[in-house]
Amino acid sequence: MDAFGVDIGGSGIKGAPVDLTRGDLAEERHKVLTPQPAAPDAVADRVKEVVDHFGWTGRPVGITFPAVVVNGTTRTAANVDQGWIGLDAAGLLGGRIGAPVTLLNDADAAGIAEMTFGAGRGRTGTVIVLTFGTGIGSAVFTGGRLVPNTELGHLELNGHDAEARASSRAKEDGDLSWARWARRVQKYLRHVEDLFSPELFVIGGGVSRKADRFLPLIEGVNAEIVPAQLENNAGIVGAAMAASAAANGPAGGV
């Protein structure tokens, strides 16, 4: 059965139909740039562009957003326009694309996909999925159940939000070598481990495609550390899973 997922990020918005039996994209994803500034109406237009690309009409759509999301309302806006704070974002996006929308935190969506189809499958201890991109998203699972909206990228690290020091954007903006950036990621992972004692870290986001460049450099972390198996498509898959669950009842671990 196919469902549709859209992943809104700080730099790009991507989406595709998803084969929920395989946990993979049913068609090649379509990506557009996130408008700058990422104001609600402008982002909604780009989401509609992605959905319209596939001729997906009327049927439920799952959409991720890089913020705390509660009952379809966006509560924070760390890397997007402040106009999202307190907004009925699910209502706005659903009205724009003409379909029911299930909205959830972007890292939570990626985590749901990885726990069901990817690197966290079958793990019942505490698992933390971290997505490194414009910021750092987090999804925390214990006993296979999600603790939503954890936002661990905003933990303090050297007097700053951790994502200001250890995100992929921080690497790019600072023109950091893989080794230097890995030291920052290592310090961040140790801090998270001190707080939560997970058995597994799953490292996602676009940088997961180059995991061999930095994961072997990380030392002093007791938890197992692995790259996300779904790589940067995890958010799309998790969003589609959430939309299907909202329409048909929980399935596939959602």
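The values are calculated or read from the model by the stated rules, or taken from the named source; none is laboratory data. Here the structure is a predicted model, which means the values were calculated and not measured. Neighbour counts run over all protein chains shown; Cβ positions are idealised from the backbone, glycine included. Quick note on the areas: whole protein, heavy atoms, side chains included, nothing else; ligands and nucleic acids left out. Shrake-Rupley method; radii C 1.70, N 1.55, O 1.52, S 1.80 Å.
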Checklist entry - Looking at this structure, is ALA107 modelled with pLDDT of 95 or more, among the aliphatic types (A, V, I, L, M) and assigned to a loop (DSSP other than H, G, I, E, B)? => result no
Item to check | Residues located in the stretch 129-142, provided they are part of a strand (DSSP E or B) and crowded, with 20+ Cβ neighbours inside 10 Å | outcome: VAL129, LEU130, THR131, PHE132, ILE136, GLY137, SER138, ALA139, VAL140, PHE141
Next on the checklist: Go through (1) over 23 Å from VAL69 (Cα atoms); (2) in contact with a Lys or Arg (Cβ under 8 Å, 6 or more places away or on another chain); (3) in contact (Cβ under 8 Å) with a residue 12 or more places away in the chain; (4) open to solvent by less than 30 Å² (accessible area, probe 1.4 Å) for ALA211 and report which single condition fails.
Outcome noted: (2)
Checklist outcome for this item: Okay, helices (runs of 4 or more DSSP H) sitting entirely in the stretch 143-254 with 1 or more residues that are of a type in the set (Asp, Glu), I get 162-166, 168-173, 178-196
Checklist entry - Going by the conditions given, is GLY62 without any contact (Cβ under 8 Å) to a residue 24 or more places away in the chain and either surrounded by fewer than 15 Cβ atoms within 10 Å (Cβ to Cβ) or not polar (S, T, N, Q) (or both)? => result no
Checklist entry - Which numbered condition trips up THR124, out of (1) at pLDDT below 95; (2) of a type in the set (Val, Ile, Thr); (3) within 14 Å of the chain's Cα centre (by Cα)? => result (3)
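If I go through the stretch 42-59 residue by residue, how many of them are under 14 Å from VAL101 (Cβ atoms) and open to solvent by 10 Å² or more (accessible area, probe 1.4 Å)? Step through it out loud before you land on a result.
Let us first name the residues in the stretch 42-59 that are under 14 Å from VAL101 (Cβ atoms), namely 43-44, 47-48, 50-51, 56-59.
Subsequent filtering for residues that are open to solvent by 10 Å² or more (accessible area, probe 1.4 Å) retains 48, 56-59.
Result for the stretch 42-59: 5.
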